[in-house]
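Reading through the structure tokens given below for one structure.
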Amino acid sequence: MLLSEVVPDNNARQYAVQRLAKLLRHPDDLVFKAEEVRRKLAQEKLLIDAQLNTDVRRQFDDVQEGLELLYSTTGQIDRVKTDMQKVDQLCNRAQSYLTNFDRIQQVSIANRNFVRAEEFYRQFSDFHQQYTHVREMLADAQENFRQGNFNLLRLHFSLHRLEDFRSRALGFTGVDDVDSKQTLAQMFGGLDALVRDFEEFLWMVAGNMYDLALRSRSNIIVQLLKVVESEEIADRAQERENGAAGLKSTATSPTAPGPRREREIKHYKQKLLKFIHDFVSSRVAEFFKKEAKGLDGITEVTGFVVDELTFVGDTVAPAFPTNYFIFDVYVDEYHQAVVRNTNELAAGDLDGGSILTLLRWMREYHGAIRKELSIPKDQLRPALLEGREDQLAQEYLEIATKKIREWVTNLMRSEHESFVARQDAPSMGEDGLYVTGSSTYLFEIINQNIELVIEAQRAKLLCDLVTECNKIFQDLSKQWRDLLDAEKLKQIEAPETAAEGLVDYTMALANEQIRSVVQAESIRDETGDRLSRSHQERFKTELSQTMDVFMNVAEAATQTLADIVFSDLRPITSAIYTPDWYQDDLLQPVIETLKDYCQDFHDHLDKYLYRRLMQDLLSRFALSYIDAVAGKVKFHKGQATEKLNHELHRATKFFKEHMDSSAVSDILNVVRIMVSLIDSTPAMIFLEFFSIKKQYPDLPLPLIEDILTKRDDLEKQQLKSILESLRQKSKGDTGSSLAKQRTLFSKLKNYPPLGSVATKSRFM
């Protein structure tokens, strides 16, 4: 194969570069493969050159042979021309041998005309009898049509002879012979009516082709087609005669081939095809009206068309000549009739269900035609619904999205009102968890639309629908988070104006979001596997985003719960390291408060969210001890560490009842680090700091400065030297270097992470 046969000449260079790039993928290939590639390409070039030489030689041989044939043909034409001239000369000589040749010729013509005139007179006399016979044959055929006891070819032949005789008789009549014309017109007056009756009978036979084929009377269909072909041949002959200047005849007898009256062009083949068009159109329209009965039954059309075309292909088409391509004609007629009727059904405003029904049926229709009849979609013209498939899919997407948004809006309006009013306790599921029930209704709506789209076999539309649903869910998520913030703010800053039960309703909201995540995950896993690979990834990605949206609301709800808990503990946590903290047991009310809340969380909150919430509460508990360093406090060495260790022991014991022991130890370790810094000797502070720094790279230096500054056992000069040394060693730390090493210290409120605006202002 030549390169020019693969790619255009202007792209040959680019093709060659791409091919070399495939062969030489790595730098080492230039060393190890270059010679092999060169040898391979040289062999290919030799093969191509050999093929080119062979093709060129073959072309030269063909041209030479053609020239030789042309040369020999010229000689043959010249020999024929010479022979014809000799024949003409011999004819002229023969006439000179007969002295009375002209008179003999005239006598011969007169005798021939006499015989033909006698034959014409006999036919003229028998015309009425022949006409009556044909009329009776036609009447008998009409009467016995159902039995099929008739012969169309015999009928047509007899009628054709009558028409031919009339044509010759009228053609022989002179232009000015008015009396003869009137006499002949009266004689042949009934023939036109007989022709019309025959044509009506002929098209009645055409209208019953299906019935004839079903009764195994295809021979009658063949007779019909032979009649049509006979008339087509006569039409073409008349058209050639009309196109010529007119045939001149040497004879003047009434029976000579001319003169004859010009024959009417009948166009039987066109009429037959037009009859098939009308027949199929009527048949399909009747099915749409009686059987399909609108869009609800349009799926029945597929089976109807397949059955009809299968019947035509098996029984009707074999009777037609191959040059009719009649099966293709029927395919076009049935498809166009389906298109017309479908367009009428789809002309009005369609709801989402009707659009999906149409889209599903379109795919089933093309699939069935391709599978049962081996007809590809591209062969069916015009396209169903005028190629509005994508437009209809977009219309459905808009309708479905609008409906879903309306349903979700109404559902959430009710949920929001209930959440704000909190007149009754939230509903409780079988597992004891608070629920709202909104996820059940929400995903019932979503599942209905998803199932409809899947039934329509529209994977791309399904992905688009989930994308639009994600936008709705994101709006819903924002509304919930804004509502949570507003209700939380009211609960914390103006509790007397807030309705009771915010904690319970927040747990119910969080649980409902988890239920939504579970349902979205179920749809992702079960429905995703039913899609083609080309759409699976996008569908599952969209559903994963849906899960993330619901999970964000659930996390916002747990954060709200944690905020409410610590707003109740704020008076106590703000007193850490103050004189009251040294004198009183402030931890006991904290634990008692946490016990009350945590028991409710344990009983009524989803287990996953409960673990996340407990981790958040423990983290905030630990951070409260560290953020308290920023207040006006003092660390009394010995007393402070003893009390801190005692409280850490009690807190550890409490939280281990609700969490994994290792997780509790890891989180509370940040407080133990602070204890070690308070308890370290001046000589060990530097080593202690950098030991901690390895474990917690984001440990804020300002926190260390505050801890050391507020120790009551360090002198000013000693403190200044230690701080200066720590600052010098910490100069290399930057926010970017610690961005990937965030720990609990990065969540401190009073000591922002290194690199933040607050941190920079602290060193100014």
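Numbers below:
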{"read-out": "Test: residue in the stretch 405-412 that is buried (at least 16 other Cβ atoms within 10 Å of the Cβ), of a type in the set (Lys, Arg) and part of a helix (DSSP H, G or I)", "value": "yes"}
{"read-out": "Qualifying residue in the stretch 437-450 (condition: free of Cβ contacts under 8 Å to residues at least 60 places away in the same chain, touching a Gly at 6+ places or on another chain (Cβ under 7 Å) and within 23 Å of residue 299 (Cβ to Cβ))", "value": "no"}
{"read-out": "Residues within the stretch 55-83 that are aromatic (Phe, Trp, Tyr) and at pLDDT 85 or above, tallied", "value": "1"}
{"read-out": "Residues of the stretch 342-358 satisfying the condition of being under 28 Å from residue 311 (Cβ atoms) and either at pLDDT 85 or above or in a helix (DSSP H, G or I) (or both)", "value": "342, 343, 344, 345, 357, 358"}
{"read-out": "Selection count where residues are part of a helix (DSSP H, G or I), farther than 30 Å from residue 579 by Cβ and of a type in the set (D, E, K, R), scope the stretch 617-662", "value": "1"}
{"read-out": "Condition met for residue 464 (more than 27 Å from residue 602 (Cβ to Cβ), touching a residue at least 40 places away in the same chain (Cβ under 8 Å) and assigned to a helix (DSSP H, G or I))", "value": "yes"}
{"read-out": "Residue list for the stretch 253-291, restricted to those being hydroxyl-bearing (Ser, Thr, Tyr) and modelled with pLDDT of 70 or more", "value": "268, 281, 282"}
{"read-out": "Filtered residues of the stretch 702-726 (kept if free of Cβ contacts under 8 Å to residues at least 40 places away in the same chain and not hydroxyl-bearing (Ser, Thr, Tyr))", "value": "704, 705, 708, 714, 715, 716, 717, 718, 719, 720, 723, 724"}
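The values are calculated or read from the model by the stated rules, or taken from the named source; none is laboratory data. Nothing here was measured: the structure is a model prediction, and the numbers come from that model. Don't worry about glycine lacking a Cβ; one is built from the backbone with ideal geometry, like all the others, and counts go over all protein chains shown.
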